[in-house]
Structures are given as C-alpha cells and as structure tokens.
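What follows draws every value from the coordinates through simple rules; no lab data is involved. Being a predicted model, the structure only gives us computed values, none of them experimental. Ideal geometry is used to build each Cβ from the backbone, glycine not excepted, and the neighbour counts take in all protein chains shown.
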Amino acid sequence: PTPPPLLQVRDLNAYYGQSHVLHGINLHVQPGEIVSLIGRNGAGKTTTLRSIMGALRSRTGSITFDGQDILRLPSNRVAARGLAWVPEERAIMSTLTVRENLELPPARPGGWTTERAYEAFPVLRERGHHPGSKLSGGEQQMLAIVRVLRSAPRLLLLDEPSEGLAPVIVQRIGDIIQELRADGLSVLLVEQNLKFATRLADRHYVFVDGQIVEEIPRAEAVARREDLLSYLSV
Ligand code: ATP
C-alpha cells in the first residue's frame with residue numbers, strides 16, 4: 001500500500017494583490033520522493049513554493065504536511081515542522097563568513113554538522129573564513145543547500161538549484177540531492193534545466209499559466225523530452 005503523502009496541496013489558489021496567480025494547484029510529494037515543477041518563467045512555480053512555506057499568505061485551499069494543516073502557520077512554524085526552502089536568490093549573508101552563514105540556522109538533532117557540510121563540499125571548508133560576498137554562484141548554491149540541512153528538514157524545497165552553475169557543479173549538486181534522498185529526505189524542486197530535472201525527479205508537474213496541465217512519471221519523461229522542451233520554451 002502507498003504510504004500517505006508527506007506533502008499534499010489541494011486546490012491551491014494564490015494572489016499578489018488583485019492578481020490571481022495560482023488557479024487550483026493539486027500536487028503531492030511522497031516520503032523519499034523527488035518531484036520537479038517545470039514550466040516557463042512566470043508560470044507559478046516559485047509562487048507555489050512560497051505558498052507552501054507560508055511566505056505568501058494570500059491564498060486559499062489546503063496544504064498538509066505529514067497529515068497536519070500548515071496553511072495557516074507562519075513561515076517559521078512551517079520550517080519548524082520540517083520544511084526547508086532554498087530560494088532562487090540563495091540569501092547568503094554577504095558580510096558573514098562562509099562558516100557563520102553555515103551556522104546561522106538553529107541546529108536540530110539529526111541535522112548536518114559543519115563538518116558534514118565541509119565533507120560534502122570541501123570547497124566550503126577552503127572558503128570557511130571568506131565573506132559570503134566572495135563566493136561564486138556555485139559555492140553560494142552549495143552553501144545555501146547545506147545550511148538548511150542543519151535543521152534536519154524532512155522536505156527540501158529547491159528553487160532552480162542548477163541555475164547559472166557550471167556543469168561539474170550541477171553534477172555535484174545532483175549527487176548530493178540523491179544522497180539526501182537515500183537518507184530519507186524528500187525534495188520538491190523547481191527547474192528549467194530539463195536534463196538535471198529528468199535525472200533526479202521521480203515525477204514532474206508541468207505548470208502553464210498558474211495551473212498544472214500534466215503530471216509525468218520518470219519513465220515517460222525521457223521519451224517525452226520534446227514535449228517537455230516545448231513547455232519550457234517561450
Ligand atoms: P520564475 O521561474 O520566473 O520564478 P515561476 O514559474 O516561478 O517563474 P512565479 O515567480 O511564481 O513564476 O510567478 C507567477 C506570476 O506571478 C507571474 O505572472 C509573476 O509576474 C507574478 N508575480 C511573481 N511575484 C510577484 C510579486 N511579488 N508581485 C506581483 N506579481 C508577482
């Protein structure tokens with residue numbers, strides 16, 4: 001029997017002021033699953049992540065995590081339940097060192113230690129005393145991911161983790177995501193990089209104009225590459 005979903009979003013509608021941006025989104029993430037949200041810029045993927053985290057409050061529908069309603073919780077309490085969000089802009093503190101950035105979130109039992117982060121990405125150890133402002137895009141992305149792992153999340157929301165990164169770094173980040181999943185973490189990721197998304201994700205939801213128009217399992221994604229590309233192109 002299929003276990004109950006870790007995250008379940010039902011009939012989610014979201015608004016920026018008068019502008020109705022998400023129109024009845026339904027999606028779920030099973031424990032240990034990697035799920036991708038794909039679609040062109042402005043289709044509503046980031047808004048979906050922000051709605052789940054409680055960073056966007058103007059919305060209706062139902063969002064449950066581990067069977068409990070999180071729609072009405074503020075972001076900090078959503079995070080305390082075990083969701084972690086790495087926004088596209090990564091939010092590295094430019095005046096703090098790499099190590100200080102790493103040690104910013106509250107440590108929770110089972111969360112990553114500084115040592116574990118340095119083992120995963122040795123370049124962060126080398127840069128440990130450098131200010132955040134001196135990091136390359138790839139280093140910032142690595143730091144942003146390992147930083148949220150300190151609080152031992154159960155579901156990681158990643159917004160375009162591969163954006164602007166060299167192929168070798170994208171590869172490394174993909175490896176880490178797979179290792180995290182092997183440790184039992186679930187991942188919901190927004191991606192424009194189809195190769196990266198199809199390598200990692202068990203399922204894809206395709207967004208068009210604030211709606212999900214298709215759900216594509218891993219087994220179909222490769223064969224339907226052309227269809228997926230057409231959803232991404234402008
Ligand atoms: P991207 O990859 O560019 O982030 P996306 O699929 O994640 O694209 P969203 O960022 O969720 O799309 O944007 C969905 C819609 O909401 C777009 O029409 C966008 O212009 C609008 N939007 C996003 N942020 C705001 C905001 N702060 N205020 C008003 N409208 C916004």
| Yes or no: Leu104 away from the ligand (no atom under 16 Å from the Cβ) and in a loop (DSSP other than H, G, I, E, B)? | yes
| task | Look at Gly137 and say whether it is in contact (Cβ under 8 Å) with a residue 12 or more places away in the chain, in contact with a Lys or Arg (Cβ under 6 Å, 6 or more places away or on another chain) and not aliphatic (A, V, I, L, M). | result | no
| All positions within region 21-47 that are outside any loop (DSSP other than H, G, I, E, B) and either near the ligand (Cβ under 7 Å from one of its atoms) or more than 19 Å from Pro153 (Cβ to Cβ) (or both) | Val21, Leu22, His23, Gly24, Ile25, Asn26, Ile38, Lys45, Thr46, Thr47
| said: Looking at Ala79, Ala84, can you tell me which residue is away from the ligand (no atom under 16 Å from the Cβ), in a helix (DSSP H, G or I) and touching a residue at least 40 places away in the same chain (Cβ under 8 Å)? | reply: Ala79
| note | A careful count of residues in region 123-144 that are buried (at least 17 other Cβ atoms within 10 Å of the Cβ) and polar (S, T, N, Q) gives 2
| query | Given the residues Arg50, Arg10, which is the only one that is within 27 Å of Leu180 (Cα to Cα) and crowded, with 18+ Cβ neighbours inside 10 Å? | reply | Arg50
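When the residues of region 180-208 are filtered to those that are among the charged types (D, E, K, R) and in contact with a strand residue (DSSP E or B) (Cβ under 8 Å, 6 or more places away or on another chain), which remaining residue is farthest from the ligand (Cβ to nearest atom)?
Keep residues of region 180-208 that are among the charged types (D, E, K, R), which gives 181, 183, 191, 195, 199, 202-203.
Adding the requirement that they be in contact with a strand residue (DSSP E or B) (Cβ under 8 Å, 6 or more places away or on another chain) leaves 181, 191, 202-203.
Values: Arg181: 23, Glu191: 9, Asp202: 21, Arg203: 18 Å.
Among them, the one singled out is Arg181.
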